[in-house]
Protein chains: 2
Amino acid sequence: MNGDAQITGFYFQGDVIDLNISNHAKQNYGAVALETATVCKIPLAEFDEMAEQYPALSNAFLKLMSREIILKQRMMLVMSKMTAEQKVANFLVHLSTENKLRGYSPVIFNLSMTRTDVANYLGLAMETVSRIFKVFQNKGMISVERRQVSIEDFEKLESLLQDDDTKASINASTISQK
Amino acid sequence: MNGDAQITGFYFQGDVIDLNISNHAKQNYGAVALETATVCKIPLAEFDEMAEQYPALSNAFLKLMSREIILKQRMMLVMSKMTAEQKVANFLVHLSTENKLRGYSPVIFNLSMTRTDVANYLGLAMETVSRIFKVFQNKGMISVERRQVSIEDFEKLESLLQDDDTKASINASTISQK
DNA sequence: CGAGATTTTGAAATGAATCAAGCTGGGTGG
DNA sequence: CCACCCAGCTTGATTCATTTCAAAATCTCG
């Protein structure tokens, strides 16, 4: 997995991981499977063709991308406005929620990624993540054993997030005159 | 404009500011016009109808959203991996580039927003933004007079961004087994 | 001319990064 | 089966960037 690139997301079964439809993208992307994975790739031309025939398809993609934008937006908020503890709490809460959604246990699960990766994803130092796991453990909110996490007090974790007004967002639009 | 919500973007003439197509969105959004603005709003039902008739339309939206995702992704990187100076430099470089793209001067332009808003957007304290503007000015990279900015040394500004490997990104995919 | 908003500036406080060891567990080869 | 190794993780001490607090300066405009 190497160096110091930015991890932009963790994805699960059924997720669409790369929505780069346009040719805007000159960026280097890469996906790394942490567990057994199956991937389906659709060439752009082929997609266009299919979309023409089945409007529902592009509709579905619009929804997917909309969701992705909201996620990224939320992540921007996480990155810029949250303390390290809040970032980690948010991370755990989301993992738990996501797991529940998928029919797995929301209480006990596997991180299937290193501290370093989590840290990178959250824009923190590995050491900080390690320390915060410990703090949460000492407070009886979670218990961590290597990559095995169990949520002991979901509400308390969640409550860490909502102290300020970490909910609303604003799009400030700057439109040149006339 | 008020309080402490997160500013998720600044938009220009012709930009699509709200791509919330799905009903995932329970979030509070708001747009504030800093200069004279005209807005076009399309109800979801109507959009679906139009999209059915003109596949090119949803295609165009897919491209738009793809671009938006890439932007947000880049912004995540900015938020999590850059120092305050880099954030501000990046902000200025982008404004300048954006202006050029739109046929305005890339060298001298108006911030049409308060320091507080810039700070909020970049996840910094207002004072920090102020100070960094001063630093850049002292280094002869820009000159600021209230909201009037002129770029004196674009290259130097840009060079601040590329020291580390602030370019590549990785999508780490975690796909549940089988 | 005020009066409120915005910006600048300085000093002190602080959260997180960095640096530097030491620990741990799981895998490898002898 | 043991001893070693090594990547991943923890822990402590120190440093540093940025925030916060506080106050003065400057602008805007009714």
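Overview of values
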| quantity | calculated |
| --- | --- |
| Of B:K134/B:K156; A:K139/B:K81; B:K63/B:K100; A:K63/B:K63; A:K72/B:K156; B:K63/B:K87, pairs whose Cα-Cα distance is over 18 Å | A:K139/B:K81; B:K63/B:K100; A:K72/B:K156; B:K63/B:K87 |
| Förster radius 22 Å - calculated FRET efficiency between A:S112 and A:V39, Cβ distance, rounded to 0.05 | 0.85 |
| Descending principal axes extents, segment B:36-80, alpha-carbon based, whole Å | 41, 29, 15 |
| Taking segment A:77-177 and dividing mean pair separation by its residue count, relative contact order in percent (alpha carbons under 8 Å, at least six apart) | 29 percent |
| Cα point-scatterer Debye curve for segment B:77-177, base-10 log of I(q)/I(0) at q = 0.18, 0.21, 0.22, 0.25 Å⁻¹ | -0.85, -1.13, -1.23, -1.51 |
| Cα centroid of segment A:83-120 to Cα centroid of segment B:69-104, whole Å | 29 Å |
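Read-outs: derived from the displayed coordinates by stated rules, not from any lab. Keep in mind the model is a prediction, meaning the values are calculated, not measured. Note: ideal-geometry Cβ built from the backbone for every residue, glycine included; neighbour counts use all protein chains shown.
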